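Since the structure comes first, as structure tokens, the remarks are kept for the end.
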Amino acid sequence: MSILIQNGRVIDPASGRDEAMDVLIEDSKIARVAKGIQANADETIDAKNKIVAPGFVDMHVHLREPGREDKENIHSGTRAAAAGGFTSVCAMPNTTPVCDTAQGLQFLASRARDNAVVNILPVAAVTVGQAGEAIVEFGDLVYYGAVAFSDDGNPIMNAEIMCRALEYTSMFNVPILDHCDNVDLSKDGQMRSGANSVRLGLKGIPPASESSQVARDIDLAQYTGGRVHICHVSVRQSVRHVANAKKSGVNVTCEATPHHLTLTDAAMEGYDANFKVNPPLGSEDDRRALIEGLRDGTIDCIATDHAPHTDMEKDNVMTEAPFGVIGLESAFPVLYTDLVLTGEIGLNLLLEKITIAPSRILNLKKGTLAEGADADIVVLDLDEEYAIDPQKFFSRSHNCPFVGKQVKGRPVATIVGGRVVFRDGQIVT
Ligand code: NCD
């Protein structure tokens, strides 16, 4: 099976390539990237006036299977990923049961074989049941395919447990994806603390509940030699801690989400729980710090933290609604519209942060258009203009904070392992 993508603007941040070229896919690999390729391909995609880039890699996705298939499952979540241009997604382990054993990973792999249209990279829990009390069998879980470990959804409050986890995982060179939140400080909070939380009468979560834990875990990574990756960084003080740690040579990386990069706590104004997320949306100053961090390299990558919840759960009073927003199908258009078209960052930097950067953190041979690499590719139309409508999403859930937002840019074709899985708004199976 061969596919020829012709006449596109090929952007490959891994190599710095950005020019009009053709891409030839043979079987599951990228065979050639060159001008004017003559080939008798089985399928041709005309990418004139379009961008051809490596398929996006999302380090932080909640697929909810097993246990909460009413919110999302592997079938719907990977279709949402493909429609959003993502060809590989990390599946977070805060499912029911928690993915903390080889059997859990085998279950995920078998469901992925039958139902997934993109690559699923399993993340296993750091502690048994994500209860924060006993560490898992790291070696076993790496053997069965875990690419990273995380108790995401819960912080690891016990510093000794975190220390042990960093020591063990350092033996396998895999990162701990760290959900930083001191629950003693954030308990019962609904949004970021500040003038808006006082005015709205919603209990605030102080920025230090995140940043104090970031500082602790950077120190523990330095002490143990382990690799810590800070999830969904949301406040300026956390960005400062990561920047200083990187300067001192600590093995730390971090991600920011599309919602923290484009929204602030002012969005809570309408008491709509579709803006309730963990960590909470921050101030404009925090948002500026995240954008500066993207530019200067402190923030390594962008991850969606796609966290589906049902309409019934979100159509509720703020104190009852769960934390989390979906992101797979809105990430690229929102980031392109609010960060690239506004001149905050360049298109090439945005693509780097969602392709090669997360691949490097996870030691994956993904996120590149190098010849011989897996043919995971996205074709983007940057001119298409439309309003975001979660009712049209492939995701089972609608808890999107960008409803009705006017955006530009849309994936028009997504190719995974040399197979077109999404084309012109439709999943191809
Ligand atoms: C996530 C979820 O719903 O699983 N929610 C969220 O607000 N981000 C868990 C988490 O990352 O806290």
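The values are calculated or read from the model by the stated rules, or taken from the named source; none is laboratory data. In this text, all values refer to a predicted model and were calculated from it rather than measured experimentally. In this analysis, Cβ positions are derived from the backbone assuming ideal geometry, glycine residues included, and neighbour counts consider all displayed protein chains. The accessibility values were calculated without ligands, DNA or RNA, using every heavy atom of the protein model including side chains. Shrake-Rupley method; radii C 1.70, N 1.55, O 1.52, S 1.80 Å.
Filtering the stretch 332-342 to residues that are open to solvent by less than 30 Å² (accessible area, probe 1.4 Å) and out of contact with any Ser or Thr (no Cβ under 9 Å at 6 or more places or on another chain) leaves PHE332, PRO333, TYR336, VAL340. For the stretch 121-164, the set of residues classified as within 16 Å of the ligand (Cβ to nearest atom), closer than 30 Å to GLY418 by Cα and without any contact (Cβ under 8 Å) to a residue 60 or more places away in the chain consists of PRO122, VAL123, ALA124, PHE149, listed by residue number. Of all residues in the stretch 272-289, those that are away from the ligand (no atom under 16 Å from the Cβ) and open to solvent by less than 10 Å² (accessible area, probe 1.4 Å) total 1.
Yes/no per residue for (1) in a helix (DSSP H, G or I); (2) modelled with pLDDT of 95 or more; (3) among the basic types (Lys, Arg):
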position: LYS48; (1), (2), (3): no, yes, yes
position: ASP58; (1), (2), (3): no, yes, no
position: HIS75; (1), (2), (3): yes, yes, no
position: ALA109; (1), (2), (3): yes, yes, no
position: VAL117; (1), (2), (3): no, yes, no
position: LEU141; (1), (2), (3): yes, yes, no
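Restricting GLU329, GLU352, GLU292, GLU269 to those that are more than 16 Å from the ligand (Cβ to nearest atom), part of a helix (DSSP H, G or I) and crowded, with 23+ Cβ neighbours inside 10 Å reduces the list to GLU352. Here PRO97 meets each of (1) surrounded by fewer than 22 Cβ atoms within 10 Å (Cβ to Cβ); (2) of a type outside the set (D, E, K, R); (3) within 16 Å of the ligand (Cβ to nearest atom); (4) not in a loop (DSSP other than H, G, I, E, B) with one exception, condition (4).
The single condition among (1) open to solvent by less than 10 Å² (accessible area, probe 1.4 Å); (2) under 30 Å from ILE135 (Cβ atoms); (3) in contact with a helix residue (DSSP H, G or I) (Cβ under 9 Å, 6 or more places away or on another chain) that GLY85 does not satisfy is (2). Taking the stretch 307-339 as the region of interest, how many residues are within 18 Å of GLY85 (Cα to Cα) and either among the basic types (Lys, Arg) or free of Cβ contacts under 8 Å to residues at least 60 places away in the same chain (or both)? Result for the stretch 307-339: 0. Taking the criterion of being open to solvent by 80 Å² or more (accessible area, probe 1.4 Å) and part of a helix (DSSP H, G or I), the only residue of the stretch 186-196 that qualifies is ALA195. Scan the stretch 295-318 residue by residue and report those that are farther than 17 Å from ILE354 by Cα and either part of a helix (DSSP H, G or I) or within 15 Å of the ligand (Cβ to nearest atom) (or both). ALA307, PRO308, HIS309, THR310, ASP311, MET312, GLU313, LYS314, ASN316, MET318 - these are the residues of the stretch 295-318 that are farther than 17 Å from ILE354 by Cα and either part of a helix (DSSP H, G or I) or within 15 Å of the ligand (Cβ to nearest atom) (or both). Could you please find all residues in the stretch 72-107 being farther than 20 Å from ARG410 by Cβ and out of contact with any Asp or Glu (no Cβ under 8 Å at 6 or more places or on another chain)? Passing the criteria: HIS75, ALA91, THR96, PRO97, VAL98, CYS99, ASP100, GLN103, GLY104, LEU105, GLN106, PHE107. Only one of the numbered conditions (1) open to solvent by less than 30 Å² (accessible area, probe 1.4 Å); (2) in a loop (DSSP other than H, G, I, E, B); (3) under 30 Å from ASP70 (Cβ atoms) is not met by ILE345, and that is (3). Does the stretch 72-87 contain any residue that is more than 16 Å from the ligand (Cβ to nearest atom), charged (D, E, K, R), within 24 Å of THR429 (Cβ to Cβ) and touching a residue at least 24 places away in the same chain (Cβ under 8 Å)? Checking the stretch 72-87: at least one residue is more than 16 Å from the ligand (Cβ to nearest atom), charged (D, E, K, R), within 24 Å of THR429 (Cβ to Cβ) and touching a residue at least 24 places away in the same chain (Cβ under 8 Å). Only one of the listed residues (ARG164, ARG199, ARG240) is touching a strand residue (DSSP E or B) at 6+ places or on another chain (Cβ under 6 Å) and either part of a loop (DSSP other than H, G, I, E, B) or open to solvent by 10 Å² or more (accessible area, probe 1.4 Å) (or both). That residue is ARG164. Within the bounds of the stretch 364-375, is there any residue that is open to solvent by less than 10 Å² (accessible area, probe 1.4 Å), modelled with pLDDT of 95 or more, within 16 Å of the ligand (Cβ to nearest atom) and not in a helix (DSSP H, G or I)? For the stretch 364-375, residues open to solvent by less than 10 Å² (accessible area, probe 1.4 Å), modelled with pLDDT of 95 or more, within 16 Å of the ligand (Cβ to nearest atom) and not in a helix (DSSP H, G or I): absent. Cβ-Cβ contacts under 8 Å between residues 6 or more apart (or on different chains), taken from a first residue in the stretch 270-293 that is over 14 Å from GLY189 (Cα atoms) and hydroxyl-bearing (Ser, Thr, Tyr) to a second residue that is within 16 Å of the ligand (Cβ to nearest atom) and assigned to a helix (DSSP H, G or I), are listed as SER283/ASP265.
Annotation note: Cβ proximity below 6 Å between a residue of the stretch 36-52 that is buried (at least 19 other Cβ atoms within 10 Å of the Cβ) and a residue that is among the basic types (Lys, Arg) and modelled with pLDDT of 95 or more (sequence gap 6+ or interchain) occurs for ILE51/ARG9.
Here the condition is being open to solvent by 50 Å² or more (accessible area, probe 1.4 Å) and either within 16 Å of the ligand (Cβ to nearest atom) or basic (Lys, Arg) (or both); of PHE394, PHE402, PHE323, it holds for PHE323 alone.
For first residues located in the stretch 222-248 and farther than 27 Å from ASP265 by Cα, partners that are among the acidic types (Asp, Glu) and within 16 Å of the ligand (Cβ to nearest atom) and lie 6+ apart or on another chain with Cβ distances below 8 Å form the pairs VAL228/ASP178; VAL228/ASP217.
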